[in-house]
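K.L.:
The following block contains the structure, expressed as structure tokens.
FYI, it's all coordinate maths here, none of it is from the lab. Quick caveat, the model's predicted, so the values are computed rather than measured. Methodologically, a virtual Cβ is constructed for each residue, glycine included, from the backbone with ideal geometry; neighbour enumeration extends over all protein chains shown.
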């Protein structure tokens with residue numbers, strides 16, 4: 001009984017923790033758009049445009065809107081609200097886009113995450129979860145006689161355009177400090193010439209899972225950018241010429257995001273559905289338990305997760321998958337929240353008592369038919385062992 005009281009107390013505190021953290025992850029399903037009025041027709045068109053953005057962000061694939069029925073957008077909206085734009089915001093919009101009919105409101109839209117995911121699954125499209133790789137950007141720019149590497153502290157239209165597109169695609173960026181330590185390790189010519197040796201050495205100090213390298217040059221009345229992406233020791237390269245910074249930066253982030261998501265997004269396949277047990281050690285307080293539970297539930301291959309055994313040394317989580325075990329391992333390795341626990345299990349609390357069938361002595365009950373008291377699930381054949389990182 002005491003074990004059960006502790007278990008359900010932890011569950012209650014976990015739910016409270018999830019509510020606190022929810023605002024950090026709901027933004028994937030949120031969009032703000034300028035609109036000229038609050039008429040139903042305009043709002044419906046805005047819903048469809050917002051679904052374009054959200055479907056790309058959640059799937060990680062830029063071609064997704066062409067493969068889904070955008071007319072379903074209205075029934076997928078959870079909530080929306082209008083906010084009157086200030087005159088300064090209206091003027092800035094008109095100056096940037098040259099609109100003949102200036103907007104008057106910003107329409108904030110939040111989609112139902114479950115409905116969006118189901119729409120993607122129904123169309124055999126992938127789902128990219130909340131856990132995404134940090135991407136370090138090295139961008140070398142030649143602007144006439146000026147040449148420089150963009151760094152974290154810089155204020156730049158080029159950088160702003162890149163950041164805006166990364167936010168739209170849900171790709172977290174990291175910018176180099178380019179301080180004395182960086183300048184000693186990597187020079188402008190190293191980035192410009194795509195010499196990956198010095199770039200990789202300089203990048204080791206940053207918490208990044210991938211590197212975008214850009215070479216941006218103004219020549220003959222136009223910008224040309226050569227992009228390269230390094231991830232898991234494999235490179236992809238492409239280039240584009242344009243006068244429009246938004247187009248150039250959108251291309252760089254867009255192509256890179258498509259490549260990255262193809263590695264980490266998960267396809268829901270009935271053949272891959274399964275269950276497994278993840279044992280997480282060193283969860284010696286409620287906050288750590290809540291962090292681990294919330295983290296596991298946020299992973300794209302995970303359909304459902306709940307604890308089936310809690311003790312002072314570890315927690316066993318039952319995981320229902322929509323991907324496969326390799327998807328789960330790969331994304332956990334990406335996140336760095338959990339690390340494999342290779343330590344010998346020297347400490348082990350007694351397992352939960354198994355329930356016997358009615359009127360049948362426990363000693364006579366077949367082991368394969370025994371089920372745990374709390375869950376009713378048969379014992380797992382294999383266990384993935386992790387511990388909290390740090």
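K.L.:
Given N residues in the stretch 27-122, what is Rg(Cα) / (2.2 N^0.38 Å)?
P.N.:
My calculation over the Cα atoms of the stretch 27-122 gives 1.13.
K.L.:
Just want to confirm a number: the relative contact order over the stretch 148-211, from Cα pairs under 8 angstrom separated by 6+ residues, in percent.
P.N.:
30
K.L.:
Any idea what % of Cα-Cα pairs in the stretch 135-264 are farther than 25 Å?
P.N.:
The calculated P(r) of the stretch 135-264 puts 17 percent of pairs beyond 25 Å.
K.L.:
While we're on this one: Full-extension gain between residue 36 and residue 101, please, as 0.36 nm times their residue separation minus the C-alpha to C-alpha distance.
P.N.:
Details: separation 65, 0.36 × 65 = 23.40 nm, distance 0.73 nm.
This chain segment gains 22.7 nm when fully extended.
K.L.:
For a Förster distance of 22 Å, can you work out the FRET efficiency between the beta-carbons of residue 275 and residue 333, rounded to the nearest 0.05?
P.N.:
With a Förster radius of 22 Å, E is 0.60.
K.L.:
Among 32, 156, 297, rank each residue by its count of other Cβ atoms within 10 Å, from fewest to most, as a rough exposure measure.
P.N.:
32, 156, 297
K.L.:
Taking R0 as 35 Å, what FRET efficiency do you get between residue 48 and residue 287 from their Cβ-Cβ distance, rounded to the nearest 0.05?
P.N.:
Working: r = 41 Å, r/R0 = 1.18.
Given R0 = 35 Å and the Cβ-Cβ separation, E is 0.25.
K.L.:
Taking the Cα of residue 66, stepping 7 Å toward and past its beta carbon, and measuring to each backbone N in the stretch 133-171: which are under 20 Å?
P.N.:
Correct set: 169.
K.L.:
By count of other Cβ within 10 Å, fewest leading, how are 298, 228, 237 ordered?
P.N.:
237, 298, 228
K.L.:
What FRET efficiency comes out for residue 80 versus residue 168 if R0 is 22 angstrom and r is the Cβ-Cβ distance? Round to the nearest 0.05.
P.N.:
0.75
K.L.:
How many angstrom lie between the Cα centre of the stretch 76-146 and the Cα centre of the stretch 23-64?
P.N.:
Using only Cα atoms to place each centre, the spacing works out to 7 Å.
K.L.:
So for 293, 86, fewest C-beta neighbours within 10 Å to most, what's the order?
P.N.:
Fewest-to-most ranking of 293, 86: 86, 293.
K.L.:
Moving on. Expressed in nm to one decimal, what extension gain is obtained for the pair residue 204 and residue 179 from 0.36 nm per residue of sequence separation less their Cα-Cα distance?
P.N.:
Contour length minus Cα-Cα distance gives 7.6 nm.
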